[in-house]
Amino acid sequence: MVSSGMRLGAWDYLRWKDIVPIIRDGKVIATKIKIYSEEEDEYFSFITPEAFHSLDTWMKYRKDCGENINENSWVMRNLWDVTMPKGKGIVTVPKKLKSTGIKRLIENALWAQRVRIKLESGKRRHEFQADHGFRK
């Protein structure tokens, strides 16, 4: 979200085929990302090579764990039991992680790392939004 500037709701549409690296001289220099793919509001953005390599590492990890990764694979999926042997458990049955799940992950991380703390008495809002604050 930080690298592309996309909204939280865009995760509900993001598949692996929507992320296309731009390669020059054998090196990823940027990556084109299709936001809200196949929707009326579809548009393109770009992410850094570092962001692409992180996503690529994530997809390779999932494949190594036994998930069948293809162009229609969701970029974000539910977690699975990593203690199960390869090919067993729910790793082979991926379920899309909805934007509400991603929002919860971000909020939990902000609280766990004490970036977000309890509001002072009389205040109703934090200085920045938990998820859309990355766009600002």
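None of the figures in this text is laboratory data; all of them are computed from the coordinates on show. Since we're looking at a predicted model, the values are computed, not measured. As a convention, Cβ positions derive from the backbone with ideal geometry for all residues, glycine included, and neighbour counts pool all protein chains shown.
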Subject >> Contact order relative to length of the chain, as percent, for alpha carbon pairs under 8 angstrom and 6 or more apart >> reply: 25 percent
Original post:
Pairing the Cα long axis of helix 49-64 with the longest principal axis of the chain, what angle in degrees results, from 0 to 90 and rounded to the nearest 10?
Top reply: 60 degrees
Original post:
Based on the mean of other beta carbon atoms within 10 Å per residue, what is the order of 22-30, 9-17, most packed first?
Top reply: 9-17, 22-30
Original post:
Taking the range 1-51, which GluC sites (Glu not before Pro) meet the DSSP loop condition and have no more than 10 other C-beta atoms within 10 Å?
Top reply: 38, 40
**OP:** Sticking with the crude label model, points 7 Å out along Cα→Cβ, report the distance from residue 40 to residue 23 in nm, one decimal please.
**Re:** 3.8 nm
Subject >> Gain on full stretching of the segment that runs from residue 65 to residue 82 - 0.36 nm per residue minus C-alpha separation >> reply: 5.3 nm
**OP:** Enumerate the calculated ³J(HN,Hα) couplings along the range 23-40 in order (Karplus 6.51 cos²θ - 1.76 cosθ + 1.60, θ = phi - 60°), each rounded to whole Hz, writing x wherever the residue is Gly or Pro.
**Re:** 10, 10, 6, x, 10, 6, 9, 5, 9, 7, 10, 8, 9, 6, 3, 6, 10, 4
Subject >> Fewest-first ranking of 34, 118, using other Cβ atoms within 10 Å as the exposure measure >> reply: 118, 34
Original post:
For the cross-link pairs 34/103; 96/118; 34/96, which exceed 23 Å when the distance is taken from alpha carbon to alpha carbon?
Top reply: 96/118
